[in-house]
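Below: one structure, written as structure tokens.
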Amino acid sequence: MRRKIELYLYRAESLFWENWLGIRTRTTRLPYERSRDAEHKIYTPTIYRTIFRVLRSLPLKAEDVFVDLGCGKGRVVCCAAYLGAAQVIGVEYVKELHDIALNNAERMRRRQSPISISLGEVEDFDFSLGTVFFMFNSFGRKTIESILTKMEDGLRKNPREIRIAYVNPVYGLAMKERPWLERYGFWRRFDVVMLWRSKLDRQS
Ligand SMILES: C[S@@+](CC[C@H](N)C(=O)[O-])C[C@H]1O[C@@H](n2cnc3c(N)ncnc32)[C@H](O)[C@@H]1O
């Protein structure tokens, strides 16, 4: 019974936000939504209440450049653009999902920020850009390690504070092993979430 009520509330919440923002990001399994391997997870959107809790807890600021690594249909980027940042970027390697994200970004209502959706592997992203990175268990350990190394290189090229929100942090340990990162937030309500930030004194 409790599970049924939760499911009902979850659907109602999704419907509300999808209509409020004028986007369509809910899961429908399509042939292209197949995992290529253990490193590349299939599309599953983060639930709205987790997204908004993360964005408010970071907190997302007007001067931030927000990047969703593995943006799927663009739910998280649209929520970030609704709350407002200097720029919002989504990176997605599945062409069909990229196109849907682009369509959602273009047609969304109440957008406060410009959105760009980039087609490609997250590892090819220019990590000297971005101040806030969002990941929802989208990759395996190898990809996470590679992203963290590129983020560190990006900090050397362009020293700044970066923050990382990791939802369902299966490879959270990989982040703990990086001395330039410190954890500043953690909770396990609805989803497990970790918030990390770069230590400014470790950038050289
Ligand atoms: C679990 S979904 C998360 C979607 C979105 N970030 C959200 O929270 O609603 C993971 C997404 O990452 C994409 N993805 C997985 N590996 C990727 C990679 N190496 N480069 C770019 N996108 C990737 C998948 O196609 C999928 O759309």
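The values are calculated or read from the model by the stated rules, or taken from the named source; none is laboratory data. The shown structure was predicted, so the numbers you read here are calculated from the model rather than taken from an experiment. For neighbour counting, all protein chains shown are included, and Cβ atoms are generated from backbone atoms with ideal geometry for every residue, glycine included.
Key figures for this structure:
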quantity	calculated
Residue among GLU161, GLU92 that alone is in contact with a His (Cβ under 8 Å, 6 or more places away or on another chain) and either modelled with pLDDT of 95 or more or surrounded by fewer than 21 Cβ atoms within 10 Å (Cβ to Cβ) (or both)	GLU92
Qualifying residue in region 77-95 (condition: touching a Leu at 6+ places or on another chain (Cβ under 7 Å), farther than 24 Å from ILE144 by Cα and touching a residue at least 40 places away in the same chain (Cβ under 8 Å))	yes
Candidate set: region 124-155, residues that are among the polar types (S, T, N, Q), away from the ligand (no atom under 13 Å from the Cβ) and part of a loop (DSSP other than H, G, I, E, B); chosen: the one nearest to VAL193 (Cα to Cα)	THR131
Residues satisfying the stated conditions in region 42-89, i.e. within 14 Å of the ligand (Cβ to nearest atom), over 19 Å from ASN19 (Cα atoms) and at pLDDT 95 or above	ARG53, VAL54, LEU55, PHE66, VAL67, ASP68, LEU69, GLY70, CYS71, VAL88, ILE89
Region 164-188, subset of a type in the set (A, V, I, L, M) and not in a loop (DSSP other than H, G, I, E, B), residue surrounded by the most Cβ atoms within 10 Å (Cβ to Cβ)	ALA165
Number of positions in region 88-131 that are among the charged types (D, E, K, R) and more than 25 Å from GLY154 (Cβ to Cβ)	8
Hits in region 49-73 - residues which are among the small types (Gly, Ala, Ser), surrounded by 24 or more Cβ atoms within 10 Å (Cβ to Cβ) and over 12 Å from PHE134 (Cβ atoms)	none
